[in-house]
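One structure below.
The values are calculated or read from the model by the stated rules, or taken from the named source; none is laboratory data. Quick caveat: nothing in here was measured; it's all calculated off a predicted structure. Note: ideal-geometry Cβ built from the backbone for every residue, glycine included; neighbour counts use all protein chains shown.
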Amino acid sequence: MERSQRRGIVQSLLSGVLWAAYSVTLYSWLSPFNGDTGSLDSARGVMLIILSAIIVAWIDSLITACFEFAYCAQQGLFREFLRLLRSSAFFRIMPAALFAGPLGLVPFAIASRYSVSVATSISAFYPALGSIIAMFWFREKLTRLKFVGILCAISGVVVVSGFSGLHPIGIGLAIFASVGYSLELVFGYRLMAEDVDPVVSLALKQTSVVAFYTLMLVILLLIPGNLDFFRNFVSVIDFNNEFSFTAGMLGNPLLITAVYILASFFNAFAYIFYFRGLNNAGVSTASSLNITYGIWTIAILALPPFFVRPDLSVLLGALLTFIGSTIVIVESNRIEKQMEVSNG
């Protein structure tokens, strides 16, 4: 398919909207952590918190994989996916899966237990954080404008976390999630963009994510008592009873399953549109539009049927993070193009 800047802009913007819809659906409309009996008071309590997040992410990743495989087949690329699954390309994509999944989505899932809007706002800090990592790891140049962007993004995180009243653990995990996403950005997309179609790359990455979660889950379920915890945890996933519109939905397993599938559908196509956007519009434009998910999350929660009034600090922090991260992305792209010209 021929690349189109305009198409890439639309795809990248849709990815941000869909990620916001995914976060709201899975962590606000549903209440997936009802069965979490973990605590920070003991090693076992901490393990149960981690196990809870892995269970939620594992179920989500399995359903998401089904949608992504189906899309890959619809695009006529499933044979290519199976061919590359047995090649070194699969192993080159594994780091991206590790950073996006166990080191990204798992801490994000735990942070979302405390506040979905705050977790998404802080995790949108990942492009600026990725720039900081690249500066030390790859000795990339730090210009004045990029420095201003980083400061702006950090200020947004400080405003969100310092004045939102969120539990410090939730803030720390949201920041940790942004570390995972930034490492995915720094390493993952460089590996994926070599010579593999974006849809195939995504299917390979999702296969790795499912494999990582399954391995982690199997190991944890070998510990006595954890299998019973797993059964109980899955059985009590329900709707969030804080919203009046969910009153008639509570305890309905078919509706719970349908909404869980809907959340994974949003997640799958958020990634599909993001990868398509990266391919069409480039990293700078795609990332700038994708990180609007922090703002879209606040907007969706403010609308019916949720009617969640956002705190001013969360709104201001999300805006600062978005502006700062956008400056960093655009400036990084300008520096990269300048280096390409000078080296060419």
Legend entry - Residue match in the stretch 238-247 (condition: surrounded by fewer than 17 Cβ atoms within 10 Å (Cβ to Cβ) and over 21 Å from V308 (Cβ atoms)): no
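Among the listed residues A65, A109, A43, A70, which satisfies the condition of being crowded, with 22+ Cβ neighbours inside 10 Å and not β-branched (V, I, T)?
A109 is the lone residue from the list that is crowded, with 22+ Cβ neighbours inside 10 Å and not β-branched (V, I, T).
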Inset, instruction - Residue by residue through the stretch 247-297, note down the ones that are among the β-branched types (V, I, T) and outside any helix (DSSP H, G or I). - result: I291, T292
Inset, instruction - Check the stretch 50-72 and report whether any residue there is among the acidic types (D, E) and over 21 Å from the mean Cα position of the chain (by Cα). - result: no
Legend entry - Unmet criterion (only one of (1) buried (at least 20 other Cβ atoms within 10 Å of the Cβ); (2) within 30 Å of G45 (Cβ to Cβ)) for A286: (2)
Inset, instruction - Spot the failing condition for A203; the list is (1) exposed (fewer than 12 other Cβ atoms within 10 Å of the Cβ); (2) farther than 14 Å from I59 by Cβ, and only one is missed. - result: (1)
Inset, instruction - Could you tell me whether any residue of the stretch 246-264 is in contact (Cβ under 8 Å) with a residue 24 or more places away in the chain and farther than 24 Å from D36 by Cα? - result: no
Legend entry - Verdict on F266 being hydrophobic (A, V, I, L, M, F, W, C) and modelled with pLDDT of 85 or more: yes
Legend entry - Failed item in (1) free of Cβ contacts under 8 Å to residues at least 24 places away in the same chain; (2) crowded, with 16+ Cβ neighbours inside 10 Å, with S88 passing the rest: (2)
Inset, instruction - With a cut-off of at least 1 residues that are at pLDDT below 80 and touching a Lys or Arg at 6+ places or on another chain (Cβ under 8 Å), name the helices (runs of 4 or more DSSP H) lying wholly within the stretch 117-219. - result: 126-137, 168-183, 189-192
